[in-house]
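Worksheet: the structure to be examined is printed underneath.
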Amino acid sequence: MANYTIPTNPIYNATIRKLEDSDPASASTIFNPLIQQLIENTHAVKKSVDELKMFVLAISFSASMKGMPFTVKGAGMTTYNGTVPDSLAAVVAVPSANTTYTVQCAGKSKKITTGSYYGVYYGYVDTISTTLAENSWVQIAAVAAAGNAENYWKVGDELDVVVNGETLTFQIYGFNHDNLTGGGKAGITFGMKHLMAETRQMNSTNTNAGSFTGSALYSWLENTIFPALPEDLRSLIKPVDKKTSAGQQSTTIKTESMKLFLFSPIENGLRTTTDVYKDEGETYPIFTDNASRIKNLANGAGSAIWWWERSPIVTNSYTFCIVTSGGGANNYGASDSDGVCFGFCI
């Protein structure tokens with residue numbers, strides 16, 4: 001084979017046709033050139049590998065890194081600079097076997113070591129921390145949208161949000177639990193670990209007419225609290241469909257789209273077998289017993305008190321359901337002041 005001329009690059013002779021289209025008698029014009037070309041291509045590939053000794057790193061990136069710059073560094077090579085493509089996958093040639101190369105992107109790094117033979121070596125570079133609070137809301141939302149949140153975090157994981165100067169600790173209440181208004185499931189539902197510092201009325205008078213979305217408390221959440229959320233979080237909150245009884249002793253269940261919401265009794269693990277209330281959603285896995293429902297004012301620094309649920313009581317026209325300071329079920333007049341625990345989905 002050494003007698004053949006080795007081309008600089010493999011070639012393809014477009015004039016060689018399929019066998020059934022050829023003249024079998026024309027070996028010198030059909031088959032011999034084909035054999036020659038195959039040999040030349042083989043030698044060209046071998047020559048490239050022998051001279052360059054290139055190994056291939058196939059690198060995949062997390063969704064939050066799309067469009068971000070990345071680098072590959074290691075022995076025997078000049079630093080490679082690239083940009084994470086929309087496909088979230090990149091292939092980079094490196095020169096050495098048994099060598100560790102470092103891929104860096106968005107402050108995170110991944111070390112990938114090549115073996116002792118020619119081949120492809122895979123590595124995954126991930127900006128996502130398994131400590132929830134170490135991630136940005138953009139990163140959390142990207143994982144939630146991909147349906148991978150349970151691979152990183154667990155129910156009960158926490159992070160803080162500052163709202164109008166007040167620090168509120170939110171927990172993961174559940175994964176793929178709530179129905180998005182536009183269809184599909186919200187990747188993560190967050191709810192407060194404790195209560196806001198101040199208590200609030202559901203309405204200024206004792207009425208449950210208009211249900212939760214017709215209440216003063218809902219209007220306050222929508223028009224005061226939502227605009228006060230950090231901008232990076234506010235832009236990622238997804239409206240979800242919530243079910244609530246209609247108020248004024250009606251047993252009709254309304255489905256309404258909400259960005260911020262209070263939780264229903266059954267979502268809190270209460271009134272799970274009671275007509276009407278049992279149709280207002282499903283229990284979040286974070287609520288397992290009375291102790292799991294006890295919440296304190298001032299993000300846990302204050303005393304345990306009763307806190308509002310979104311559901312009008314169906315036996316009268318003036319109270320809403322609440323969770324007691326001991327984690328049980330009760331109801332209170334709409335003009336009374338109770339603790340506020342709200343949630344949202346991304």
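The values are calculated or read from the model by the stated rules, or taken from the named source; none is laboratory data. Not measured: the values here are computed from a predicted model. With ideal geometry, Cβ positions are generated from the backbone for all residues, glycine too; neighbour counts draw on all protein chains shown. Heavy atoms of the whole protein, side chains included, go into the accessibility calculation; ligands, DNA and RNA do not. Shrake-Rupley method; radii C 1.70, N 1.55, O 1.52, S 1.80 Å.
Below is a table of values for the structure above.
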item	result
Filter pass, Lys254 being assigned to a strand (DSSP E or B), open to solvent by less than 50 Å² (accessible area, probe 1.4 Å) and not β-branched (Val, Ile, Thr)	no
Residues (open to solvent by less than 60 Å² (accessible area, probe 1.4 Å) and among the β-branched types (Val, Ile, Thr)) located in the range 261-293	Ile266, Thr274, Val276, Thr283, Ile286
Residues being of a type in the set (Asp, Glu) and not in a strand (DSSP E or B) - total across the range 315-343	1
Count of residues meeting criterion [touching a residue at least 12 places away in the same chain (Cβ under 8 Å) and touching a helix residue (DSSP H, G or I) at 6+ places or on another chain (Cβ under 9 Å)] in the range 252-299	15
Residue that is outside any helix (DSSP H, G or I) and modelled with pLDDT under 95, where the choices are Gly191, Gly182	Gly182
Any hit, the range 165-178, residues being touching a residue at least 40 places away in the same chain (Cβ under 8 Å), open to solvent by 40 Å² or more (accessible area, probe 1.4 Å) and not in a strand (DSSP E or B)	no
Some residue of the range 301-314 being surrounded by 18 or more Cβ atoms within 10 Å (Cβ to Cβ), outside any helix (DSSP H, G or I), among the acidic types (Asp, Glu) and modelled with pLDDT of 95 or more	yes
Residue that is nearest to Glu231 (Cα to Cα) [pool: residues in the range 131-177 that are modelled with pLDDT under 90 and among the polar types (S, T, N, Q)]	Ser136
Condition check for Thr244: β-branched (Val, Ile, Thr) and either touching a helix residue (DSSP H, G or I) at 6+ places or on another chain (Cβ under 8 Å) or under 26 Å from Gly300 (Cβ atoms) (or both)	no
Considering residues of the range 229-252 that are small (Gly, Ala, Ser) and touching a Pro at 6+ places or on another chain (Cβ under 9 Å) only, the residue nearest to Asn206 (Cα to Cα)	Gly247
Hits in the range 221-240 - residues which are in contact with a strand residue (DSSP E or B) (Cβ under 7 Å, 6 or more places away or on another chain) and either free of Cβ contacts under 8 Å to residues at least 60 places away in the same chain or crowded, with 16+ Cβ neighbours inside 10 Å (or both)	Ile225, Leu229, Leu233, Ile237, Lys238, Pro239, Val240
Checklist (1) open to solvent by 70 Å² or more (accessible area, probe 1.4 Å); (2) at pLDDT below 85; (3) touching a strand residue (DSSP E or B) at 6+ places or on another chain (Cβ under 7 Å) applied to Asn81, failing item	(2)
The range 88-99 residues that are open to solvent by less than 40 Å² (accessible area, probe 1.4 Å) and at pLDDT below 80, paired with ones that are assigned to a loop (DSSP other than H, G, I, E, B) and of a type in the set (A, V, I, L, M, F, W, C) (beta carbon under 6 Å, 6 or more apart)	Ser96/Ala75
For Ser317: the one exception among (1) over 31 Å from the mean Cα position of the chain (by Cα); (2) farther than 22 Å from Ser215 by Cα; (3) small (Gly, Ala, Ser)	(2)
Positions within the range 135-155 being of a type in the set (Val, Ile, Thr) and surrounded by fewer than 19 Cβ atoms within 10 Å (Cβ to Cβ), in sequence order	Val138, Val155
